[in-house]
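Beneath this line is the structure, given in C-alpha coordinates, with notes to follow.
The values are calculated or read from the model by the stated rules, or taken from the named source; none is laboratory data. In this text, all values refer to a predicted model and were calculated from it rather than measured experimentally. In this analysis, Cβ positions are derived from the backbone assuming ideal geometry, glycine residues included, and neighbour counts consider all displayed protein chains. Keep in mind that these areas ignore ligands, DNA and RNA; they rest on the heavy atoms of the full protein, side chains included. Shrake-Rupley method; radii C 1.70, N 1.55, O 1.52, S 1.80 Å.
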Amino acid sequence: MDERARFFLEEKAKVLKALGHPTRLFIAEELGRGERCVCQLVEMIGADFSTVSRHLSVLKQAGIVEDEKRGMQVFYRLRVPCVLRFMDCVEAVIDSRVKHHVAMLA
(Lines give C-alpha, C1' and ligand atoms only; values in the text may rest on other atoms or scores of the structure.)
Protein backbone atom coordinates (compact mmCIF):
# COMPACT_ATOMS: atom_id res chain seq x y z
CA MET A 1 0.00 0.00 0.00
CA ASP A 2 1.46 3.34 -0.96
CA GLU A 3 1.60 6.43 1.25
CA ARG A 4 -1.32 8.17 -0.46
CA ALA A 5 -3.61 5.14 -0.10
CA ARG A 6 -2.65 4.78 3.56
CA PHE A 7 -3.41 8.47 4.17
CA PHE A 8 -6.89 8.18 2.68
CA LEU A 9 -7.64 5.01 4.61
CA GLU A 10 -6.59 6.69 7.84
CA GLU A 11 -8.76 9.73 7.06
CA LYS A 12 -11.74 7.49 6.28
CA ALA A 13 -11.21 5.70 9.58
CA LYS A 14 -11.24 9.08 11.41
CA VAL A 15 -14.61 9.93 9.89
CA LEU A 16 -16.06 6.52 10.75
CA LYS A 17 -14.65 6.68 14.27
CA ALA A 18 -16.13 10.16 14.77
CA LEU A 19 -19.55 8.86 13.74
CA GLY A 20 -19.10 5.69 15.78
CA HIS A 21 -20.53 7.12 18.99
CA PRO A 22 -24.31 7.36 19.53
CA THR A 23 -24.16 10.96 20.74
CA ARG A 24 -22.04 12.12 17.81
CA LEU A 25 -24.27 10.25 15.41
CA PHE A 26 -27.29 11.99 16.98
CA ILE A 27 -25.56 15.36 16.57
CA ALA A 28 -24.78 14.68 12.91
CA GLU A 29 -28.34 13.60 12.19
CA GLU A 30 -29.73 16.62 14.04
CA LEU A 31 -27.45 18.98 12.14
CA GLY A 32 -28.74 17.35 8.96
CA ARG A 33 -32.04 19.08 9.80
CA GLY A 34 -30.29 22.45 10.09
CA GLU A 35 -27.70 24.34 12.07
CA ARG A 36 -27.93 24.41 15.84
CA CYS A 37 -26.21 26.38 18.57
CA VAL A 38 -24.34 24.43 21.21
CA CYS A 39 -26.96 25.39 23.79
CA GLN A 40 -29.70 23.71 21.71
CA LEU A 41 -27.64 20.53 21.38
CA VAL A 42 -26.92 20.50 25.12
CA GLU A 43 -30.64 20.66 25.80
CA MET A 44 -31.53 17.99 23.22
CA ILE A 45 -28.85 15.57 24.38
CA GLY A 46 -29.29 16.18 28.08
CA ALA A 47 -25.57 16.28 28.76
CA ASP A 48 -23.41 19.04 30.15
CA PHE A 49 -21.87 21.71 27.96
CA SER A 50 -18.32 20.34 28.15
CA THR A 51 -19.39 16.84 27.09
CA VAL A 52 -21.30 18.14 24.07
CA SER A 53 -18.39 20.43 23.19
CA ARG A 54 -15.99 17.46 23.23
CA HIS A 55 -18.27 15.52 20.87
CA LEU A 56 -18.50 18.53 18.56
CA SER A 57 -14.72 18.86 18.62
CA VAL A 58 -14.30 15.25 17.47
CA LEU A 59 -16.78 15.82 14.65
CA LYS A 60 -15.04 19.05 13.66
CA GLN A 61 -11.57 17.45 13.66
CA ALA A 62 -12.91 14.72 11.38
CA GLY A 63 -14.23 17.37 8.96
CA ILE A 64 -17.89 16.48 9.49
CA VAL A 65 -19.06 19.76 11.04
CA GLU A 66 -18.04 23.39 10.97
CA ASP A 67 -18.83 26.17 13.37
CA GLU A 68 -19.51 29.88 13.33
CA LYS A 69 -19.41 32.17 16.32
CA ARG A 70 -22.18 34.75 16.52
CA GLY A 71 -21.88 36.97 19.53
CA MET A 72 -21.69 34.73 22.56
CA GLN A 73 -23.10 31.65 20.81
CA VAL A 74 -21.44 29.10 18.54
CA PHE A 75 -23.53 27.52 15.78
CA TYR A 76 -22.69 24.22 14.12
CA ARG A 77 -23.73 22.80 10.78
CA LEU A 78 -22.75 19.82 8.68
CA ARG A 79 -19.74 20.64 6.56
CA VAL A 80 -20.58 17.86 4.11
CA PRO A 81 -24.28 16.90 4.34
CA CYS A 82 -23.74 13.84 2.14
CA VAL A 83 -22.29 12.07 5.19
CA LEU A 84 -25.86 11.25 6.18
CA ARG A 85 -26.41 9.29 2.96
CA PHE A 86 -23.93 6.80 4.34
CA MET A 87 -26.30 6.30 7.26
CA ASP A 88 -28.99 5.20 4.77
CA CYS A 89 -26.61 2.44 3.74
CA VAL A 90 -25.96 1.52 7.38
CA GLU A 91 -29.71 1.30 7.98
CA ALA A 92 -30.07 -0.96 4.93
CA VAL A 93 -27.45 -3.29 6.42
CA ILE A 94 -29.36 -3.33 9.73
CA ASP A 95 -32.66 -4.03 7.95
CA SER A 96 -31.02 -6.87 6.05
CA ARG A 97 -29.66 -8.39 9.27
CA VAL A 98 -33.06 -8.09 10.98
CA LYS A 99 -34.85 -9.73 8.05
CA HIS A 100 -32.28 -12.52 8.00
CA HIS A 101 -32.63 -13.04 11.74
CA VAL A 102 -36.45 -13.13 11.53
CA ALA A 103 -36.25 -15.60 8.64
CA MET A 104 -33.96 -17.85 10.67
CA LEU A 105 -36.46 -17.86 13.56
CA ALA A 106 -39.38 -18.80 11.34
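Numbers for the structure displayed
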read-out: Neighbours by Cβ (under 6 Å, 6+ apart or cross-chain): first from region 22-49, more than 20 Å from Ala62 (Cβ to Cβ) and β-branched (Val, Ile, Thr); second open to solvent by 50 Å² or more (accessible area, probe 1.4 Å) and part of a helix (DSSP H, G or I); value: Val42/Phe49
read-out: Enumeration of residues in region 1-29 that are among the aliphatic types (A, V, I, L, M), in contact with a helix residue (DSSP H, G or I) (Cβ under 8 Å, 6 or more places away or on another chain) and open to solvent by less than 70 Å² (accessible area, probe 1.4 Å); value: Val15, Ala18, Leu19, Leu25, Ile27, Ala28
read-out: Residues satisfying the stated conditions in region 30-81, i.e. part of a helix (DSSP H, G or I), open to solvent by 70 Å² or more (accessible area, probe 1.4 Å), within 21 Å of Ala13 (Cβ to Cβ) and not polar (S, T, N, Q); value: Arg54, Lys60
